[in-house]
Amino acid sequence: MIVVQKLEFLPRLEALRGLAAVSVVAYHASARLTDTYVTGMAPVVLFFVLSGFVLARSLARRDDIVEFLCQRIFRLFPAAIAVVLLLTALHAAFGFYLGFEPDFSPFNVLLNALMIRHDINGPMWSMMVEWFATPVIILAFFGARRFGPGLLIAAIAVLFGLSFIGPYAHLLGGYSNLAPLHAFVLGVLIHVAGRQLVDTIGRWHVVTAAGACVLLLYCGLQKQTAPVILLEACSSGLLIALIAFSPAQRGFRLLDRPAIAFFGRISYSFYLLHMIGLSLAARIGTIAGWPIASIVLTTILCVLLTAPMAWVSWRFIEKPFIAIGRRHRLARSIAGEVIAGR
């Protein structure tokens with residue numbers, strides 16, 4: 001039996017994703033222009049927790065696994081494939097590439113488009129992990145429904161323990177890292193028990209939110225060890241719970257600003273495209289002997305260069321394919337009703 005539940009869209013969480021996507025630019029600009037171990041993992045961990053939460057809500061709305069997987073395919077792959085093809089075309093026309101020159105043979109381009117490899121566009125490692133995590137999210141959601149949140153806590157503990165093991169963390173190869181896999185399960189846990197957590201926090205919402213932001217920023221500036229990644233996931237989970245289940249919270253009004261909402265809408269394409277913008281911005285914005293000024297200027301230029309590209313991708317690739325996914329869901333629903341009526 002398919003279970004259907006009505007859950008409202010949460011625009012502040014989309015806006016939070018936009019802020020995280022923009023912050024990745026600053027992290028990557030710092031890594032490009034200075035000798036640092038800061039990698040930008042913290043915003044990605046936030047993405048993972050948010051994905052676990054949002055996808056659990058999607059399953060709660062309608063727990064049809066086939067429909068869920070189809071929607072994930074229409075959501076993730078079209079924009080990612082477009083960026084891989086764009087980089088392939090830029091390399092063929094101008095010799096342009098990101099990082100170390102990858103293999104642009106047709107077979108490797110296909111592997112990148114299918115998110116099996118990510119050497120053409122490095123940031124797509126996180127999309128590989130997200131696709132790998134999809135069955136984990138599904139199992140976590142249905143496991144929590146059957147056995148309660150205690151199962152999710154146990155799963156998080158097991159995955160955290162595995163994150164110390166190098167072969168596990170780097171199982172997918174390249175830049176990919178499975179150490180934050182528990183963040184997806186934590187997102188599902190926030191969906192299941194986040195309201196109780198927020199009720200427990202009580203009137204200390206503002207202090208808790210501020211503390212979570214400080215902790216996330218602090219951890220983002222540290223070497224990304226397994227305990228640091230866990231702290232990033234926990235602080236991200238706190239923020240997501242407070243935003244989702246404390247809508248009257250004044251401290252989050254920044255997320256209601258139209259400009260922030262705009263970056264939330266284009267955040268996926270922005271993340272996929274930002275290394276192209278960063279490569280161009282670094283050539284313009286680097287000032288010899290002024291590393292901090294170079295980072296700030298490069299970050300601003302990258303955002304300005306990437307945002308229009310991301311909007312085009314969102315408007316003409318993401319939106320149409322998301323609409324196709326919704327029509328597919330509607331068609332399945334109608335077909336199911338017809339069969340049930342018979």
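Just so you know, all these numbers are worked out from the coordinates, no wet-lab data involved. Given the structure is predicted, the values throughout are model-derived calculations rather than measurements. Cβ atoms come from the backbone with ideal geometry, glycine included; neighbour counts cover every protein chain shown.
A few notes on this one:
- Put in line by how crowded their Cβ is, counting other Cβ atoms within 10 Å and starting with the fewest, 235, 105 read 105, 235.
- In the chain, the calculated helix contribution to ellipticity at 222 nm averages -25000 deg cm²/dmol per residue, counting -39,500 (n - 2.57) for every DSSP H run with n ≥ 4.
- Each 20 Å bin, from zero up to the one with the longest distance, holds this percent of the alpha carbon pairs of the chain: 29, 60, 11, 0.
- Peptides 265-272, 11-18 ordered by average Cβ neighbours within 10 Å, highest first: 265-272, 11-18
- For residue 62, distant residues with modelled amide H under 5 Å away: 5
- Here the 3J(HN,Hα) profile of the stretch 151-157, calculated from phi with Karplus coefficients 6.51, -1.76 and 1.60 at θ = phi - 60°, is 5, 5, 4, 5, 5, 4, 4 Hz, Gly and Pro shown as x.
- Label separation (residue 254 vs residue 296): 1.7 nm, computed from points 7 Å beyond Cα along the C-beta direction.
- The modelled label-to-label distance between residue 197 and residue 132, using points 7 Å beyond Cα along the C-beta direction, is 2.4 nm.
- Computed label-point distance, nm, for sites residue 206 and residue 170 using a 7 Å Cα→Cβ extension: 4.7
- Alpha-carbon Debye profile of the stretch 137-204, log10 I(q)/I(0) at 0.12, 0.13, 0.24, 0.28 Å⁻¹: -0.38, -0.44, -0.98, -1.12
- Candidates 31, 209, 21, ranked by Gaussian network fluctuation over the chain, Cα under 10 Å, top entry: 31
- Dipole size of the stretch 1-78 about its Cα centre, with +1 on Lys/Arg Cβ and -1 on Asp/Glu Cβ: approximately 120 debye, rounded to the nearest 20.
- FRET E, pair residue 31, residue 315, Förster distance 25 Å, beta-carbon r, rounded to 0.05: 0.25
- Potential extension, residue 221-residue 139 segment - 0.36 nm per residue separation minus Cα distance: 26.3 nm
- Over all other residues within a Cβ to Cβ distance under 15 Å of residue 116, the charged ones net out to -2, with Lys and Arg as +1 and Asp and Glu as -1.
- Estimated vicinal HN-Hα couplings, Hz - the stretch 142-148 in sequence order (Karplus 6.51, -1.76, 1.60; Gly, Pro = x): 6, x, 5, 4, 7, 10, x
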